[in-house]
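The next block holds one structure in the form of structure tokens; read it before the comments.
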Amino acid sequence: MRISTFFRFIHVLGVLHAHQIDRLFALGWKRHFLGVAYWLNPFLWCRTDKSLSVGAHVREAFIALGPIFIKLGQVLSTRHDLLPDDIVQELALLQDRVPPFCGKEAEAIVVQALNAPIEQSFSSFQQDCLASASVAQVHVAQLLSGEQVVVKVIRPGIAKKIDRDVRLLRGMADIFMRWGADAKRFKPHQVIDEFAKHLSLELDLVHEGANAAQLGRHFKQSPLLHVPKVYWSHSRKNVLVMERIWGVKISDVDTMQKLGVDFKVLAENGVTIFFTQLLKHNFFHADMHPGNIFVDCTHPARPRYMAVDFGIMGSLSKQDQRYIAENLLAFFEQDYQRVAEMHVRSGWISPDTAIEDFAGSIRAVCEPIFQKSFKDIAYAQLLGRLLGVAEQYAMPVQPQLLLLQKTLWNIEGLGRLLYPDLD
């Protein structure tokens, strides 16, 4: 581990301690090899504002630690069933309310990227940002031709911060591989490489624009999903200009209730959109936290999804796509023997696995959730049992499926929020 990486590690421990996150999650640093780093940490005796709530401490810690930790907070922000409400509510602010950088600096970045004064590109440009997240922030503007648009601008210096923390994660992976008894099964280096690849692509807004254009073609004229138009003439690697949309944030359930939105239809349409992206198009939005999803409530009985932020999109190999489809079909038919066989054929578990035993373990996990709605499923218990099965059969992590698993995590959380009665 590099010296700079080690000091970054010390800093991370210090920020977690200063915000009391070590106590919140009962991290056992003092009992293990991290103990030396913990006790020598210059932040050990530092504490932040004691008037902050626990949730605010968690949010402030993630902001202080930078983009990778903010993304972790976004992933956790949909899990009302796993985290206390005050923490979830604070983490929800990380979806689009991360402290912004200076609006004048954002305007200067746009001017430099387009190589023209702002008035030659836009009839108006608001320096106060509309939304700000881990990697970029968004400003409202109007084109000279009159179209209302949003301008997404990459945060200055963000690439260096991401590279710094990717190095930290790789250093931690080295330690884990050396000392972790079951480390190989988790494939930490491959997981981090996959994560780093998508982070790198997220910094290229031309790539994001191309993703949006592709998804838009897939759902052209669709009554289920609207994808904003990209204005290529005004877009560059660090600046993306897209059609401005008006909708209700997916997490704003109260407003949608007042408008009379049919939540059953909304939830079912969400499932349809996801499976269409996954199994028909093999191109799915993989950052579906509530900050990136809006609802067009013009026709409350037929609500329409509106998506933004296409920096992270997922796709699968034809082999993995087919295995997932066949696993889903077998699962819905409650054919656990076939599910077990498909896991072996796909290479997701060892060919030496006893199929009948594995099928029995899957049955024990899945049977209790059939014909139940979201509200009747204890997700924490289900997750615990799934992890227990994975450990029992030494199931290795599949890095190529991590985006899909992350997306399912978000969708399940949104489903609980929108329509808990959904089967």
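The values are calculated or read from the model by the stated rules, or taken from the named source; none is laboratory data. Please read all numbers here as calculations on a predicted model, not as lab measurements. Heads up, the Cβs are rebuilt from the backbone with ideal geometry, glycines too, and the neighbour counts pull from every protein chain shown. For the accessible areas, the whole protein counts, side chains as well, though only heavy atoms, and no ligand, DNA or RNA atoms are used. Shrake-Rupley method; radii C 1.70, N 1.55, O 1.52, S 1.80 Å.
Restricting attention to the range 256-297, the residues that are open to solvent by 50 Å² or more (accessible area, probe 1.4 Å) and either closer than 26 Å to Arg97 by Cβ or in contact with a Pro (Cβ under 8 Å, 6 or more places away or on another chain) (or both) add up to 4.
Conditions (1) at pLDDT below 95; (2) of a type outside the set (Gly, Ala, Ser), marked per residue:
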position	(1), (2)
Val239	no, yes
Ser251	yes, no
Glu268	yes, yes
Val308	no, yes
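Contact map, the range 225-239: first residue more than 24 Å from Asn269 (Cα to Cα) and of a type in the set (Gly, Ala, Ser), second residue open to solvent by 30 Å² or more (accessible area, probe 1.4 Å) and at pLDDT 95 or above, Cβ cut-off under 7 Å, separation 6 or more or different chains; pairs are Ser235/Val206. Within the range 267-283, residues that are in contact (Cβ under 8 Å) with a residue 40 or more places away in the chain and closer than 22 Å to Lys375 by Cα have Cβ atoms under 8 Å from residues that are open to solvent by 40 Å² or more (accessible area, probe 1.4 Å) and among the acidic types (Asp, Glu) in no pair, counting only partners at least 6 apart in sequence or on another chain.
For the range 349-358, a residue qualifies if it is aromatic (Phe, Trp, Tyr) and open to solvent by 20 Å² or more (accessible area, probe 1.4 Å), but none of them does. With a requirement of 1 or more residues that are farther than 19 Å from Ile3 by Cα and of a type in the set (Asp, Glu), the helices (runs of 4 or more DSSP H) lying completely within the range 158-211 that satisfy it span 188-202. Tell me which residues, restricted to the range 365-380, are touching a helix residue (DSSP H, G or I) at 6+ places or on another chain (Cβ under 8 Å) and either loosely packed, with under 12 Cβ neighbours inside 10 Å or in contact (Cβ under 8 Å) with a residue 24 or more places away in the chain (or both). Residues satisfying the conditions are Val365, Cys366, Phe374, Lys375, Tyr379. Residue-level check: of (1) of a type outside the set (Gly, Ala, Ser); (2) modelled with pLDDT of 85 or more; (3) more than 18 Å from Val15 (Cβ to Cβ); (4) part of a loop (DSSP other than H, G, I, E, B), Pro99 misses just (3). Selection over the range 272-324 of residues that are farther than 30 Å from Gly347 by Cα and assigned to a strand (DSSP E or B) gives a count of 8.
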